[in-house]
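Just below is one structure, and these are the notes that go with it.
Readers should treat all values here as calculations from the given coordinates under stated rules, not as data from a laboratory. In this text, all values refer to a predicted model and were calculated from it rather than measured experimentally. Please note: Cβ atoms are built from the backbone with ideal geometry, for glycine as well, and neighbour counts cover all protein chains shown.
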Amino acid sequence: MNLPLRSVRFLPVLLLAALCLALLPSLHADKDDELMTQLREQIRELEKTPPEAWGVLEKPRMERRLGALRQELAVLEKRTALETRERNLRESATAHPRAQLREELQAVAPDASSTDARLRELTAKRVPATNEREALARRLAEARRTSTPAATTEAAELEERIITKDEELRAIALRGEAAESEAELVRLAQNLRERSRDLEGATIRPTLRGLLKQRAYDETDEKGATQLAARLANHEATLRNAEAVLSLQRQKLTGFGEELRLFDTRNGPAQRRTPRMEQLIATDRLQQRMLAERMPFLTEQVEALRQSRLMLESQLSLLTVAAKVRADDVTAMRAGYVSRLRVPGSIIAVLAGLYFFLSHVVIPRRCRKEEWFLARRVARYLGIFLAGVVIAFDSIEDLRLLATTLGVAGAGVVIALQDVATALFGWCTIVLGRKFTVGDRIEIDGARGDVLDIQLLRTTLVELNGWLGVDQPTGRVFTVPNNFVFKSKVFNYSHGHPYIWGVIDLTVTFVTPAASALALFEKVLTEETRDGFEEARVAAREMERRYGVEDADYRPKVYTRIAESGVTYSLLYVSHYRQAPVVRNRLNRRLIAELETHPHIRLAFPTRQVINTTESESPSAILGHASTRAPFSRE
């Protein structure tokens, strides 16, 4: 408070004056009500009297009087209505928590300059009082070391003086605590003023950050109110103890005076006094004098404790009223914030409806079955991203602190989440580049599988081949982080078109007629893969249309090379990647069946053989059918 300590004793007078000022309007209102009642009675009496009873001379005068009474009553009623309205407005204004808080804040000093000056003054008083107390303690120690009667008397006086100094120091300390409590009140008032300005700005455009800030204020003030209540209870106990001590010391001082007066009355100066009696009288006079010197300090202690209690009560009152103000404003902020959420909520609802329409109507009609899942997932991610953008733009004030924090810790976040960020960008590359999708068969670092799902951070596949040795599912599902698109080679079996090349290597002995083996292998390869090559040539047009270059020459091909154990024939064929094991198996069975019917075509294996031949088939026979007669019909 901006009142000095000495003005605390005038508080009851000020409160009484304020109460009288507050009661004046009610007294004035009661007087007006009484006057209006009298006027109504007079008007009623005049109206009851018939005009014929007034007489000719009295009638004009009575009519003028009746008109004047009615006019005076109308003026009083109008003034009473205005006063009632004014009083209601004043009561409603003062009843509002914000008005109460404003009035209480106006009663607190705007700064703590006077309190700081008082604290410096008390500090300046504490230093000499402490030095004096230490000097008295040294003198007391010296007097106690001497056993003479004078030293004993001096020691008793010094003990009393030390007690007085202790009370003086305690009074200074309590006054300092009162000044500190006043400084705390000033700081609390300043803090509440700043909070009120912040809250008034926050209610214009309520934000989640503002709501959280007010919640933090609530927690802080609740904790502060609990601590203030505990401190106030302690001060109450200390104050009661100090008042009891003060009352006891006053009674003791009065008792010393009565005792000495009675002693002087009973034992006059003519009576001889013994040394013991003189010593008792001297001791009582010393205690009376020291107690008289001590009383101002005891009074100061009580006044300081009362001032501290007043400051603590003021702080608690401020916190209570501020809590009411904040509760009302937070309610308004919540209502405003909910109203603000209507626009982004409507946009998010539209996005949700659009996603439902796309995922259940458009995507099933426009996408293949194996692409439904990925298309729905992409649509879901896109909807979530757009909803996040809407929320971010609507709550940009709430995200400033988050953006600042992330900007400061950005380097650490990038380093800590490097793999996660790379996987996320890998997902973007996979989805946007569309080099493979759900249902495709791919091979990554030697692991082959069909794509089941492409999530934000990882791709899920069902394993193929493995220990089986053929392209069949093993039953195991494995996942790889999406950053593999930046680190590994990815082989796609179905990109562009789903037909892939396969090869079967057959090695025949050197004594086998090369032309016969070549003709047999070309026949089997042509007959078994005719349909597959036709379909591959049709699908190759899509690859040529997409990339502008011809994929390959889709015809059955047989390549030969000389190996250590014989001549190796490589039979190249095409098949759908899902039918590759079936086509290979069919070719192998047909070749085995044909080789069983042509025993002169013998498969080679690692052997050592010494052959003495005088004549062999000309090597030029493998260059064409004209120089070599096939042992079977070529129709």
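The table below lists the values:
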| item | result |
| --- | --- |
| Over the range 500-604: Rg over Rh, Cα atoms, Kirkwood Rh | 1.04 |
| Built amide H within the under 5 Å cut-off of VAL574, gap 5+ | GLY502 |
| ³J(HN,Hα) computed for each position of the range 513-530 - Karplus, 6.51 cos²θ - 1.76 cosθ + 1.60, integer Hz, glycine/proline x | x, 5, 5, 5, 5, 5, 5, 4, 5, 5, 5, 4, 5, 5, 5, 7, 10, 4 |
| Orientation-averaged projected area, Cα convex hull of the range 105-340 (nm²) | 17.5 |
| Hydrodynamic radius (Kirkwood) for the range 474-514, which is based on Cα pairs only, to one decimal in Å | 15.2 |
| Under 27 Å from LYS165, Cα to Cα: lysines that are on another chain or at least 8 residues apart | LYS125, LYS252 |
| Other-chain or far-sequence residues with amide H under 5 Å of SER494's (modelled H) | ARG441 |
| Neighbour cut-off at most 16 other Cβ (10 Å), DSSP loop, trypsin sites (Lys or Arg not before Pro), the range 95-155 | ARG145 |
| For the range 434-518, fraction of C-alpha pairs farther apart than 17 Å, in % | 56 |
| Loop trypsin sites (Lys or Arg not before Pro), the range 437-473, which have at most 10 other Cβ atoms in a 10 Å radius of their Cβ (DSSP) | none |
| Exposure proxy ranking, count of Cβ atoms within 10 Å, fewest first, for VAL462, VAL330 | VAL462, VAL330 |
| Global geometry of the range 301-345, whether rounded, prolate or oblate, following the gyration tensor of its Cα atoms and the 1.5 cut on a/c | prolate |
